[in-house]
Amino acid sequence: MTTAELARALGLAPRTIQKYRKDGLLTPDLESIGGHARWNVERVREELRRVAAERRENR
């Protein structure tokens, strides 16, 4: 799915997904030659859960 579709599925803004990608928190499953990301929503949900858990541990 596209970044916009992923954002809608997760209830986030597309810019949030883009920022997480830029910051290295999320990695797309595929990237086109033109740099467009394609995502697997279930894998991204797992990544976000892991990031949230790590942040809770580091408080």
Q | Spin-label pair residue 5/residue 55, simplified geometry with 7 Å Cα→Cβ offset, distance in nm | A | 2.6 nm
Q. Of the labelled options (1) 1.32; (2) 1.12; (3) 1.66, which one gives Cα Rg over 2.2 N^0.38 Å as computed for this structure?
A. (2)
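Pull out the extension gain between residue 48 and residue 25, defined as 0.36 nm times the separation in residues minus the alpha carbon to alpha carbon distance; nm, one decimal. Provide the component values of the computation, followed by the final result.
Numbers: separation 23, 0.36 × 23 = 8.28 nm, distance 0.79 nm.
Roughly 7.5 nm would be gained on extension.
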Q.
Using the Cα centre of the chain as the reference point, and only Cβ charges (+1 on K/R, -1 on D/E), how large is the resulting charge dipole? Debye, rounded to the nearest 20.
A. 260 debye
Q | Whole-number percent relative contact order across the chain, with pairs defined as alpha carbons under 8 Å at least 6 apart | A | 31 percent
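Rule-based calculations on the coordinates, nothing more; no lab input. The model shown is predicted, which means the values in this text are computed figures rather than measured ones. For neighbour counting, all protein chains shown are included, and Cβ atoms are generated from backbone atoms with ideal geometry for every residue, glycine included.
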